[in-house]
Amino acid sequence: MFIEAFENYLLQEKRYSEHTAKAYTKDVYAFFLYLETTYQLDQPEEVTTPLVRSWLASLVEAGRSATTVNRKLSALKTYFKFLSKTQRLSPPNPVQNLTALKQPQKLPQFIDVAHIQNFLFAETNNDFAAQRDKLIVAILYSTGVRRAELIDLKESDVDFENEQIKVLGKGNKERIIPIGNELKKSIKNFIFSKMEKFGSVHSDALIVTDKGKKMYPGFVYKKVKAVISSISTLSKQSPHVLRHSFATHLINNGADLMTIKELLGHSSLQSTQVYTHNSIERLKEVYKSTHPAQRKKGE
């Protein structure tokens with residue numbers, strides 16, 4: 001089944017996060033386990049479109065959400081594309097023409113501007129960990145980078161003179177993101193604190209753990225969750241909320257979709273358009289609360 005080779009392909013060539021790569025390989029393994037158990041088949045060349053449909057139907061019957069089923073289909077699509085690309089499988093591709101299930105669109109959650117600004121501009125003690133945790137949030141919110149991109153940032157990726165950072169995103173696509181003066185000062189101060197604490201023996205990563213090592217996904221999640229829970233009542237408290245907040249606040253202040261698309265590193269405009277829905281919902285709320293026709297007499 002070439003599962004190990006597939007995982008290496010996701011990590012090294014596609015530059016997927018370790019979490020995503022493991023989830024995709026687990027999904028592919030689950031599919032072949034289903035084939036073997038149900039149809040006594042275990043080879044990629046034996047897979048047909050009806051067999052894949054059968055597996056997806058079994059997932060729906062088991063109560064799996066459309067989001068989960070679509071992720072598993074995406075994993076299979078990526079897997080069979082990998083097999084074709086590496087000439088491990090000849091056409092036809094059994095999943096090429098399968099479409100994702102329709103699902104209700106959930107609007108991205110975002111933090112109120114005042115809440116995030118109060119946190120970022122509040123006085124912070126000079127403790128290394130406090131500086132580091134605040135910088136994690138500041139970079140995620142001010143640049144919209146993904147968690148994996150933040151983890152991979154190096155000091156050399158920061159161009160202080162031109163006030164910008166270089167980010168290597170999905171598919172090894174490089175993009176340049178501007179940074180403001182406040183974030184630039186925060187990064188400089190943290191680098192100085194890092195040198196004071198670890199000297200020259202720390203990791204070349206821009207932001208490091210308490211031991212001077214490169215951060216990992218769970219570490220970033222924990223730090224961000226602690227901050228969001230302290231400044232907001234949002235049910236979702238992941239690093240991606242800060243990415244959503246970055247994009248939503250930009251569009252609410254007049255930024256165009258193409259600019260936001262480039263800053264986020266989206267491959268298609270469709271991924272970016274979801275933020276227009278947040279903007280529309282905000283306009284509706286303002287209209288309902290301010291237009292005379294929407295208020296009862298005497299209010």
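The values are calculated or read from the model by the stated rules, or taken from the named source; none is laboratory data. Model, not experiment: these values are computed from the prediction. Backbone-built Cβ (ideal geometry, glycine too); neighbour counts: all protein chains shown.
Screening the stretch 174-200 for residues that are without any contact (Cβ under 8 Å) to a residue 40 or more places away in the chain and of a type in the set (Lys, Arg) and picking the one that is surrounded by the most Cβ atoms within 10 Å (Cβ to Cβ) gives Lys184.
Scanning the stretch 54-103 for residues that are among the charged types (D, E, K, R) and under 28 Å from the mean Cα position of the chain (by Cα) returns Arg64, Arg71, Lys72, Lys77, Lys81, Lys85, Lys102.
Residues are listed down the side, and each one gets a yes or a no for (1) among the charged types (D, E, K, R); (2) closer than 27 Å to Glu18 by Cβ; (3) touching a His at 6+ places or on another chain (Cβ under 7 Å):
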| position | (1), (2), (3) |
| --- | --- |
| Ile228 | no, yes, no |
| Leu234 | no, yes, no |
| Arg243 | yes, yes, no |
| His249 | no, no, no |
| Ser271 | no, yes, no |
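The single condition among (1) without any contact (Cβ under 8 Å) to a residue 24 or more places away in the chain; (2) of a type outside the set (A, V, I, L, M, F, W, C); (3) assigned to a helix (DSSP H, G or I) that Ser203 does not satisfy is (3). Within the stretch 108-120, being in contact (Cβ under 8 Å) with a residue 24 or more places away in the chain and under 24 Å from Asn189 (Cα atoms) holds for His115, Ile116, Asn118, Phe119, Leu120. Every condition in (1) polar (S, T, N, Q); (2) closer than 23 Å to Lys261 by Cβ; (3) surrounded by 13 or more Cβ atoms within 10 Å (Cβ to Cβ); (4) touching a residue at least 40 places away in the same chain (Cβ under 8 Å) holds for Gln131 except the one numbered (2). Applying the set (1) modelled with pLDDT under 95; (2) closer than 30 Å to Asn189 by Cα to Ala138 leaves exactly one unmet item: (1). Close contacts from the stretch 44-65, counting a first residue that is in the same structural domain as Tyr34 (by TED's automatic domain parsing) and a second that is outside any helix (DSSP H, G or I) and of a type in the set (Val, Ile, Thr), with Cβ to Cβ under 6 Å and a gap of 6+ residues or different chains, come to Val52/Val95. The set of residues in the stretch 245-259 being in contact (Cβ under 8 Å) with a residue 60 or more places away in the chain and either surrounded by 21 or more Cβ atoms within 10 Å (Cβ to Cβ) or not in a helix (DSSP H, G or I) (or both) consists of Ser245, Phe246, Ala247, Thr248.
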